[in-house]
Amino acid sequence: MKSIGFDLGSSSVKAAIIDTETGLLLGTCQYPETEMAIHSPERGFAEQDPALWWENCQKVSHKLLEQTCIDPAEIKSIGIAYQMHGLVCLDKEGNVLRPSIIWCDSRAIEQGEEAFKALGSSYCLSHLLNSPGNFTASKLRWVQENEPDLFAKIKTVFLPGDYLAWCMTAEANTTITGLSEGVFWDFENKKIGDRLLAHWQMPESILPPVTDIFGKQGVLTKEAAQLLRLKEGIPVCYRAGDQPNNALSLGVLEPGDIAATGGTSGVVYAVANTIVPDNDSRVNSFAHVNYTMNDPKIGVLLCINGTGILYSWLKNQWGKGLISYAEMEERANKIPEGSEGLTIIPFGNGAERILKNKQPGASISGLDFNRHTSDHIIRAALEDRPVPDQEEEE
(Lines give C-alpha, C1' and ligand atoms only; values in the text may rest on other atoms or scores of the structure.)
Protein backbone atom coordinates (compact mmCIF):
# COMPACT_ATOMS: atom_id res chain seq x y z
CA MET A 1 0.00 0.00 0.00
CA LYS A 2 1.21 3.50 -0.78
CA SER A 3 0.67 6.75 1.10
CA ILE A 4 1.22 10.34 0.04
CA GLY A 5 2.31 13.02 2.48
CA PHE A 6 2.14 16.80 2.08
CA ASP A 7 4.29 19.19 4.11
CA LEU A 8 3.04 22.77 4.09
CA GLY A 9 6.07 24.89 4.92
CA SER A 10 6.50 28.64 4.78
CA SER A 11 9.02 28.26 1.94
CA SER A 12 7.29 25.58 -0.18
CA VAL A 13 4.90 22.65 -0.17
CA LYS A 14 6.73 19.33 -0.20
CA ALA A 15 5.25 15.94 -1.08
CA ALA A 16 6.43 12.36 -0.78
CA ILE A 17 5.06 8.91 -1.57
CA ILE A 18 6.10 5.93 0.51
CA ASP A 19 5.40 2.21 0.53
CA THR A 20 3.76 1.82 3.94
CA GLU A 21 4.65 -1.88 4.22
CA THR A 22 8.38 -1.49 3.60
CA GLY A 23 8.86 2.17 4.56
CA LEU A 24 10.59 2.71 1.22
CA LEU A 25 10.55 6.28 -0.11
CA LEU A 26 9.27 6.12 -3.69
CA GLY A 27 9.60 9.78 -4.57
CA THR A 28 9.70 13.29 -3.20
CA CYS A 29 9.60 16.84 -4.57
CA GLN A 30 8.57 20.39 -3.72
CA TYR A 31 6.73 23.30 -5.26
CA PRO A 32 7.67 26.01 -5.96
CA GLU A 33 11.36 25.48 -6.58
CA THR A 34 12.12 28.92 -5.15
CA GLU A 35 10.82 29.99 -1.74
CA MET A 36 7.24 31.23 -1.39
CA ALA A 37 7.06 34.90 -0.53
CA ILE A 38 6.31 36.03 3.01
CA HIS A 39 4.50 39.35 2.83
CA SER A 40 5.33 41.98 5.46
CA PRO A 41 3.04 45.01 5.04
CA GLU A 42 4.37 46.46 8.31
CA ARG A 43 7.43 45.82 10.46
CA GLY A 44 6.98 42.56 12.33
CA PHE A 45 4.10 41.38 10.10
CA ALA A 46 4.35 38.08 8.20
CA GLU A 47 1.50 36.82 6.04
CA GLN A 48 0.83 34.28 3.30
CA ASP A 49 -2.22 33.55 1.14
CA PRO A 50 -3.87 30.22 2.11
CA ALA A 51 -5.26 29.90 -1.43
CA LEU A 52 -1.66 29.83 -2.68
CA TRP A 53 -0.89 26.98 -0.25
CA TRP A 54 -3.71 24.92 -1.72
CA GLU A 55 -2.70 25.80 -5.28
CA ASN A 56 0.90 24.76 -4.60
CA CYS A 57 -0.34 21.56 -2.96
CA GLN A 58 -2.10 20.68 -6.21
CA LYS A 59 0.98 21.49 -8.29
CA VAL A 60 3.33 19.46 -6.13
CA SER A 61 0.91 16.51 -6.30
CA HIS A 62 0.91 16.66 -10.11
CA LYS A 63 4.68 16.96 -10.17
CA LEU A 64 5.21 13.99 -7.86
CA LEU A 65 2.81 11.70 -9.73
CA GLU A 66 4.46 12.57 -13.04
CA GLN A 67 7.92 12.08 -11.54
CA THR A 68 7.16 8.67 -10.04
CA CYS A 69 4.66 7.36 -12.65
CA ILE A 70 2.69 5.87 -9.74
CA ASP A 71 -0.94 4.99 -10.42
CA PRO A 72 -3.10 7.20 -8.14
CA ALA A 73 -5.30 4.17 -7.50
CA GLU A 74 -2.40 2.67 -5.51
CA ILE A 75 -2.42 5.53 -2.99
CA LYS A 76 -4.61 4.61 -0.02
CA SER A 77 -3.96 7.32 2.56
CA ILE A 78 -2.86 10.95 2.99
CA GLY A 79 -0.80 12.59 5.73
CA ILE A 80 -0.28 16.30 6.39
CA ALA A 81 2.51 18.21 8.13
CA TYR A 82 2.40 21.98 8.32
CA GLN A 83 3.97 25.22 9.55
CA MET A 84 2.85 25.78 13.13
CA HIS A 85 1.10 28.68 14.94
CA GLY A 86 -0.54 30.27 11.89
CA LEU A 87 -4.09 31.67 11.78
CA VAL A 88 -6.57 31.11 8.95
CA CYS A 89 -10.02 32.78 9.24
CA LEU A 90 -13.05 31.49 7.31
CA ASP A 91 -16.59 32.85 7.03
CA LYS A 92 -19.77 30.75 7.10
CA GLU A 93 -19.51 30.07 3.35
CA GLY A 94 -15.97 28.77 3.76
CA ASN A 95 -14.27 31.79 2.21
CA VAL A 96 -10.88 32.88 3.53
CA LEU A 97 -11.37 36.33 5.04
CA ARG A 98 -7.78 37.59 5.16
CA PRO A 99 -4.21 36.45 4.54
CA SER A 100 -2.94 33.96 7.09
CA ILE A 101 -0.99 35.51 9.96
CA ILE A 102 1.86 32.98 10.04
CA TRP A 103 4.19 31.67 12.73
CA CYS A 104 6.91 34.34 12.52
CA ASP A 105 4.49 37.29 12.63
CA SER A 106 5.10 39.51 15.68
CA ARG A 107 2.05 41.76 15.75
CA ALA A 108 0.16 40.03 18.60
CA ILE A 109 2.80 40.27 21.33
CA GLU A 110 0.89 42.92 23.27
CA GLN A 111 -2.31 40.88 23.18
CA GLY A 112 -0.49 37.83 24.52
CA GLU A 113 1.23 39.78 27.29
CA GLU A 114 -2.07 41.34 28.35
CA ALA A 115 -3.70 37.92 28.75
CA PHE A 116 -0.64 36.56 30.58
CA LYS A 117 -0.89 39.35 33.14
CA ALA A 118 -4.68 39.25 33.42
CA LEU A 119 -4.97 35.47 33.82
CA GLY A 120 -1.76 35.20 35.83
CA SER A 121 1.47 33.39 35.14
CA SER A 122 0.52 30.52 37.47
CA TYR A 123 -2.63 29.73 35.50
CA CYS A 124 -1.09 30.20 32.06
CA LEU A 125 2.00 28.10 32.74
CA SER A 126 0.17 25.26 34.50
CA HIS A 127 -2.88 25.11 32.21
CA LEU A 128 -1.68 26.39 28.83
CA LEU A 129 2.02 25.52 29.43
CA ASN A 130 2.94 28.85 27.86
CA SER A 131 2.26 32.53 27.92
CA PRO A 132 -0.30 33.23 25.15
CA GLY A 133 2.67 35.17 23.80
CA ASN A 134 2.57 35.49 20.04
CA PHE A 135 0.74 32.27 19.25
CA THR A 136 -2.42 31.64 17.23
CA ALA A 137 -4.85 32.62 20.00
CA SER A 138 -3.18 36.02 20.41
CA LYS A 139 -3.21 36.56 16.65
CA LEU A 140 -6.95 35.95 16.69
CA ARG A 141 -7.26 38.50 19.48
CA TRP A 142 -5.31 40.99 17.33
CA VAL A 143 -7.85 40.50 14.53
CA GLN A 144 -10.69 40.98 17.04
CA GLU A 145 -9.21 44.28 18.23
CA ASN A 146 -7.92 45.69 14.96
CA GLU A 147 -10.31 44.27 12.35
CA PRO A 148 -13.62 44.02 14.25
CA ASP A 149 -15.82 44.00 11.14
CA LEU A 150 -13.83 41.13 9.70
CA PHE A 151 -13.80 39.31 13.06
CA ALA A 152 -17.61 39.49 13.15
CA LYS A 153 -17.71 37.48 9.91
CA ILE A 154 -15.51 34.63 11.22
CA LYS A 155 -17.25 31.27 11.46
CA THR A 156 -14.18 29.07 12.01
CA VAL A 157 -10.47 29.53 12.58
CA PHE A 158 -7.94 26.99 11.42
CA LEU A 159 -4.25 26.30 11.82
CA PRO A 160 -2.53 25.95 8.42
CA GLY A 161 -2.75 22.14 8.43
CA ASP A 162 -6.42 22.25 9.39
CA TYR A 163 -7.06 24.48 6.39
CA LEU A 164 -5.23 22.13 4.04
CA ALA A 165 -7.19 19.15 5.39
CA TRP A 166 -10.43 21.12 4.98
CA CYS A 167 -9.57 21.85 1.33
CA MET A 168 -9.13 18.11 0.82
CA THR A 169 -12.06 16.76 2.78
CA ALA A 170 -14.53 19.62 3.43
CA GLU A 171 -14.41 18.42 7.06
CA ALA A 172 -13.70 21.19 9.59
CA ASN A 173 -11.67 19.75 12.45
CA THR A 174 -8.42 20.13 14.36
CA THR A 175 -6.28 18.11 16.79
CA ILE A 176 -5.18 18.45 20.40
CA THR A 177 -1.65 18.95 19.13
CA GLY A 178 -2.86 21.80 16.95
CA LEU A 179 -4.93 23.39 19.69
CA SER A 180 -1.96 23.27 22.04
CA GLU A 181 0.38 24.95 19.56
CA GLY A 182 -2.20 27.71 19.20
CA VAL A 183 -2.39 27.92 23.03
CA PHE A 184 -6.06 26.93 22.92
CA TRP A 185 -5.65 23.73 25.00
CA ASP A 186 -6.00 23.46 28.78
CA PHE A 187 -3.64 20.66 29.85
CA GLU A 188 -4.79 20.69 33.46
CA ASN A 189 -8.48 20.22 32.64
CA LYS A 190 -7.84 18.33 29.38
CA LYS A 191 -10.17 20.42 27.28
CA ILE A 192 -10.24 23.61 25.20
CA GLY A 193 -8.92 26.55 27.20
CA ASP A 194 -12.28 28.21 27.76
CA ARG A 195 -10.94 30.63 30.38
CA LEU A 196 -8.67 32.32 27.83
CA LEU A 197 -11.48 32.48 25.29
CA ALA A 198 -13.86 33.88 27.90
CA HIS A 199 -11.30 36.53 28.88
CA TRP A 200 -11.26 37.72 25.27
CA GLN A 201 -15.03 37.21 24.87
CA MET A 202 -14.59 34.70 22.07
CA PRO A 203 -17.05 31.82 21.56
CA GLU A 204 -15.63 28.31 21.84
CA SER A 205 -17.60 27.49 18.66
CA ILE A 206 -15.05 29.52 16.68
CA LEU A 207 -12.73 26.50 17.00
CA PRO A 208 -13.45 23.39 14.93
CA PRO A 209 -14.20 19.99 16.55
CA VAL A 210 -11.29 17.86 17.74
CA THR A 211 -10.21 14.76 15.82
CA ASP A 212 -7.40 12.26 16.44
CA ILE A 213 -3.87 12.92 15.15
CA PHE A 214 -3.76 9.38 13.76
CA GLY A 215 -6.92 7.95 12.21
CA LYS A 216 -9.57 8.84 9.67
CA GLN A 217 -9.99 12.63 9.73
CA GLY A 218 -12.05 12.84 6.55
CA VAL A 219 -11.91 11.58 2.97
CA LEU A 220 -10.86 13.24 -0.26
CA THR A 221 -13.84 14.90 -1.96
CA LYS A 222 -14.52 14.47 -5.66
CA GLU A 223 -13.52 18.07 -6.37
CA ALA A 224 -10.29 17.89 -4.34
CA ALA A 225 -9.40 14.54 -5.90
CA GLN A 226 -9.68 16.02 -9.38
CA LEU A 227 -7.55 19.00 -8.40
CA LEU A 228 -4.85 16.78 -6.87
CA ARG A 229 -5.17 14.08 -9.57
CA LEU A 230 -5.80 11.50 -6.87
CA LYS A 231 -8.73 9.16 -6.27
CA GLU A 232 -11.90 10.29 -4.54
CA GLY A 233 -12.44 8.82 -1.08
CA ILE A 234 -8.80 8.49 0.03
CA PRO A 235 -8.76 9.09 3.82
CA VAL A 236 -6.67 11.78 5.45
CA CYS A 237 -5.16 9.75 8.30
CA TYR A 238 -2.55 11.99 9.95
CA ARG A 239 -1.97 15.66 10.70
CA ALA A 240 0.69 17.39 12.82
CA GLY A 241 2.73 20.59 12.96
CA ASP A 242 6.12 20.51 11.30
CA GLN A 243 8.24 20.27 14.44
CA PRO A 244 6.39 17.40 16.16
CA ASN A 245 6.19 15.77 12.73
CA ASN A 246 9.95 16.13 12.22
CA ALA A 247 10.48 14.56 15.64
CA LEU A 248 8.18 11.67 14.73
CA SER A 249 10.08 11.06 11.47
CA LEU A 250 13.32 10.87 13.47
CA GLY A 251 11.84 8.49 16.03
CA VAL A 252 11.84 11.14 18.77
CA LEU A 253 8.86 9.91 20.78
CA GLU A 254 9.96 9.08 24.32
CA PRO A 255 11.09 11.24 27.25
CA GLY A 256 14.72 12.27 26.82
CA ASP A 257 14.67 11.97 23.00
CA ILE A 258 15.88 15.12 21.22
CA ALA A 259 15.81 16.28 17.59
CA ALA A 260 17.44 19.26 15.90
CA THR A 261 16.05 20.44 12.58
CA GLY A 262 16.47 23.38 10.24
CA GLY A 263 14.03 24.99 7.83
CA THR A 264 13.05 28.64 7.72
CA SER A 265 13.82 28.56 11.43
CA GLY A 266 16.16 26.39 13.49
CA VAL A 267 14.68 24.19 16.19
CA VAL A 268 15.75 21.92 19.02
CA TYR A 269 12.82 19.71 20.06
CA ALA A 270 12.76 17.35 23.05
CA VAL A 271 10.12 15.04 24.52
CA ALA A 272 9.14 14.99 28.21
CA ASN A 273 6.46 13.19 30.21
CA THR A 274 6.16 15.89 32.83
CA ILE A 275 5.01 19.47 32.51
CA VAL A 276 7.91 21.84 33.17
CA PRO A 277 6.88 25.29 31.90
CA ASP A 278 9.50 27.96 31.38
CA ASN A 279 8.72 31.11 33.38
CA ASP A 280 10.54 33.19 30.77
CA SER A 281 8.96 31.40 27.78
CA ARG A 282 12.36 30.79 26.20
CA VAL A 283 11.19 27.29 25.36
CA ASN A 284 7.59 26.34 24.67
CA SER A 285 5.70 23.14 25.43
CA PHE A 286 2.99 21.53 23.32
CA ALA A 287 1.21 18.21 23.02
CA HIS A 288 3.44 15.80 21.09
CA VAL A 289 2.09 13.52 18.35
CA ASN A 290 1.76 10.64 20.84
CA TYR A 291 0.06 12.73 23.51
CA THR A 292 -2.93 11.06 25.14
CA MET A 293 -5.08 12.02 28.11
CA ASN A 294 -3.60 9.17 30.15
CA ASP A 295 -0.03 9.51 28.88
CA PRO A 296 0.62 13.20 28.17
CA LYS A 297 3.82 13.27 26.15
CA ILE A 298 4.99 16.87 25.85
CA GLY A 299 7.14 18.33 23.10
CA VAL A 300 9.49 21.07 24.38
CA LEU A 301 10.57 23.40 21.58
CA LEU A 302 13.39 25.94 21.37
CA CYS A 303 13.25 28.01 18.19
CA ILE A 304 15.43 30.64 16.53
CA ASN A 305 13.19 32.11 13.84
CA GLY A 306 15.77 33.24 11.32
CA THR A 307 18.24 30.37 11.13
CA GLY A 308 17.30 29.07 7.69
CA ILE A 309 15.80 32.18 6.17
CA LEU A 310 19.12 33.95 6.80
CA TYR A 311 20.75 31.50 4.39
CA SER A 312 17.94 32.03 1.89
CA TRP A 313 18.30 35.80 2.25
CA LEU A 314 22.02 35.60 1.51
CA LYS A 315 21.39 33.47 -1.56
CA ASN A 316 18.70 35.70 -3.01
CA GLN A 317 19.76 39.21 -1.91
CA TRP A 318 23.52 39.11 -1.55
CA GLY A 319 24.02 36.39 -4.18
CA LYS A 320 21.29 37.81 -6.46
CA GLY A 321 19.97 34.26 -6.92
CA LEU A 322 22.97 33.41 -9.12
CA ILE A 323 24.50 30.93 -6.69
CA SER A 324 23.02 27.62 -5.52
CA TYR A 325 22.90 26.30 -1.97
CA ALA A 326 25.35 23.57 -2.99
CA GLU A 327 27.82 26.18 -4.25
CA MET A 328 27.40 28.19 -1.06
CA GLU A 329 28.24 25.13 1.02
CA GLU A 330 31.30 24.40 -1.13
CA ARG A 331 32.53 27.93 -0.52
CA ALA A 332 31.78 27.73 3.19
CA ASN A 333 33.86 24.54 3.45
CA LYS A 334 36.95 26.53 2.43
CA ILE A 335 36.70 28.59 5.62
CA PRO A 336 37.79 27.20 9.01
CA GLU A 337 35.32 26.57 11.80
CA GLY A 338 34.51 29.80 13.59
CA SER A 339 34.72 31.89 10.42
CA GLU A 340 37.89 33.49 11.82
CA GLY A 341 35.95 35.51 14.36
CA LEU A 342 33.05 36.60 12.13
CA THR A 343 29.61 36.02 13.67
CA ILE A 344 26.09 36.48 12.29
CA ILE A 345 23.18 36.47 14.72
CA PRO A 346 20.01 35.54 12.77
CA PHE A 347 17.40 37.39 14.85
CA GLY A 348 15.85 38.92 11.74
CA ASN A 349 12.61 37.01 11.25
CA GLY A 350 10.14 38.39 13.76
CA ALA A 351 10.03 38.35 17.55
CA GLU A 352 12.23 35.73 19.20
CA ARG A 353 10.58 33.77 22.00
CA ILE A 354 13.94 32.89 23.51
CA LEU A 355 14.43 36.64 23.99
CA LYS A 356 10.99 37.15 25.64
CA ASN A 357 9.46 38.16 22.29
CA LYS A 358 11.97 40.91 21.59
CA GLN A 359 12.79 41.75 17.99
CA PRO A 360 16.40 42.98 17.90
CA GLY A 361 17.02 42.25 14.21
CA ALA A 362 19.92 40.31 12.74
CA SER A 363 23.48 41.48 13.24
CA ILE A 364 27.02 40.87 12.02
CA SER A 365 29.92 41.25 14.43
CA GLY A 366 33.68 40.84 14.23
CA LEU A 367 33.84 41.84 10.56
CA ASP A 368 37.42 42.58 9.45
CA PHE A 369 37.59 44.28 6.04
CA ASN A 370 41.20 43.20 5.56
CA ARG A 371 40.68 39.51 6.36
CA HIS A 372 37.10 38.41 5.77
CA THR A 373 35.70 37.48 2.37
CA SER A 374 32.24 36.67 1.07
CA ASP A 375 33.00 33.02 1.83
CA HIS A 376 33.39 33.94 5.50
CA ILE A 377 29.92 35.49 5.40
CA ILE A 378 28.45 32.22 4.07
CA ARG A 379 30.28 30.16 6.69
CA ALA A 380 29.15 32.44 9.51
CA ALA A 381 25.54 32.25 8.29
CA LEU A 382 25.72 28.46 8.33
CA GLU A 383 27.22 28.33 11.81
CA ASP A 384 24.78 30.69 13.54
CA ARG A 385 27.08 30.80 16.56
CA PRO A 386 26.21 32.81 19.67
CA VAL A 387 28.54 35.71 20.39
CA PRO A 388 31.23 34.48 22.81
CA ASP A 389 31.22 35.99 26.27
CA GLN A 390 34.09 38.48 26.45
CA GLU A 391 35.09 37.43 29.98
CA GLU A 392 35.22 33.76 28.91
CA GLU A 393 37.51 34.67 26.00
CA GLU A 394 39.85 36.50 28.29
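Taking the condition of being under 27 Å from residue 1 (Cβ atoms), open to solvent by less than 30 Å² (accessible area, probe 1.4 Å) and of a type in the set (A, V, I, L, M, F, W, C), how many residues in segment 23-52 meet it?
Of segment 23-52, the ones under 27 Å from residue 1 (Cβ atoms) are 23-31.
Filter once more, keeping what is open to solvent by less than 30 Å² (accessible area, probe 1.4 Å): 27, 29.
Filter once more, keeping what is of a type in the set (A, V, I, L, M, F, W, C): 29.
Total satisfying the criteria: 1.
Scanning segment 213-250 for residues that are more than 19 Å from the chain's Cα centre (by Cα) and assigned to a helix (DSSP H, G or I) turns up 222, 223, 224, 225, 226, 227, 228.
Note on segment 364-381: among residues that are open to solvent by less than 50 Å² (accessible area, probe 1.4 Å) and either part of a strand (DSSP E or B) or among the β-branched types (Val, Ile, Thr) (or both), the one that is farthest from residue 319 (Cα to Cα) is 365. For segment 304-322, the set of residues classified as open to solvent by less than 20 Å² (accessible area, probe 1.4 Å) and either at positive phi or part of a loop (DSSP other than H, G, I, E, B) (or both) consists of 305, 306, 319, listed by residue number. Close contacts from segment 16-44, counting a first residue that is without any contact (Cβ under 8 Å) to a residue 12 or more places away in the chain and a second that is hydroxyl-bearing (Ser, Thr, Tyr) and open to solvent by less than 70 Å² (accessible area, probe 1.4 Å), with Cβ to Cβ under 7 Å and a gap of 6+ residues or different chains, come to none at all.
Within the bounds of segment 111-118, is there any residue that is among the aromatic types (Phe, Trp, Tyr), open to solvent by 20 Å² or more (accessible area, probe 1.4 Å), farther than 24 Å from residue 11 by Cβ and in contact with a Gly (Cβ under 8 Å, 6 or more places away or on another chain)? For segment 111-118, residues among the aromatic types (Phe, Trp, Tyr), open to solvent by 20 Å² or more (accessible area, probe 1.4 Å), farther than 24 Å from residue 11 by Cβ and in contact with a Gly (Cβ under 8 Å, 6 or more places away or on another chain): present.
When segment 351-366 is examined, which residues are found to be at positive phi, in contact (Cβ under 8 Å) with a residue 24 or more places away in the chain and not polar (S, T, N, Q)? Give the steps one after another, and end with the answer.
As a first pass, look at segment 351-366 and keep what is at positive phi: 356-357, 361, 366.
Now restrict to residues that are in contact (Cβ under 8 Å) with a residue 24 or more places away in the chain: 356-357, 366.
Listed by number, the residues that qualify are 356, 366.
When residue 313 is tested against (1) touching a Phe, Trp or Tyr at 6+ places or on another chain (Cβ under 7 Å); (2) without any contact (Cβ under 8 Å) to a residue 40 or more places away in the chain, exactly one condition is not met: (1).
Every residue, every condition in (1) without any contact (Cβ under 8 Å) to a residue 40 or more places away in the chain; (2) open to solvent by less than 10 Å² (accessible area, probe 1.4 Å); (3) in contact with a Leu (Cβ under 8 Å, 6 or more places away or on another chain); (4) closer than 23 Å to residue 224 by Cα, yes or no:
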{"residue": "140", "(1), (2), (3), (4)": "no, yes, yes, no"}
{"residue": "143", "(1), (2), (3), (4)": "no, yes, yes, no"}
{"residue": "149", "(1), (2), (3), (4)": "yes, no, no, no"}
{"residue": "155", "(1), (2), (3), (4)": "no, no, yes, yes"}
{"residue": "177", "(1), (2), (3), (4)": "no, yes, no, no"}
{"residue": "183", "(1), (2), (3), (4)": "no, yes, yes, no"}
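Annotation: residue 173 fulfils all but one of (1) over 28 Å from residue 300 (Cα atoms); (2) open to solvent by 10 Å² or more (accessible area, probe 1.4 Å); the unmet one is (1). Counting only residues that are touching a helix residue (DSSP H, G or I) at 6+ places or on another chain (Cβ under 7 Å), small (Gly, Ala, Ser) and open to solvent by 60 Å² or more (accessible area, probe 1.4 Å), segment 247-303 holds 1 of them. In summary, residue 152 fulfils each of the numbered conditions (1) out of contact with any Pro (no Cβ under 7 Å at 6 or more places or on another chain); (2) under 19 Å from residue 47 (Cβ atoms) with the single exception of condition (2).
So, of the residues in segment 251-292 that are more than 16 Å from residue 308 (Cβ to Cβ) and assigned to a strand (DSSP E or B), which turns out to be modelled with the lowest pLDDT? The selected residue is 284.
Where in segment 76-158 are the helices (runs of 4 or more DSSP H), entirely inside, with at least 3 residues that are within 19 Å of the chain's Cα centre (by Cα) and under 24 Å from residue 301 (Cα atoms)?
Values: elements: 109-119, 136-146, 148-152.
By residue number, 136-146.
The values are calculated or read from the model by the stated rules, or taken from the named source; none is laboratory data. What you see is a predicted model, and the numbers here were worked out from it, not measured in a lab. Note that we place each Cβ from the backbone using ideal geometry, even for glycine, and neighbour counts take in every protein chain shown. Just so you know, the surface numbers come from the protein's heavy atoms only, side chains and all, with ligands and any DNA or RNA stripped out. Shrake-Rupley method; radii C 1.70, N 1.55, O 1.52, S 1.80 Å.
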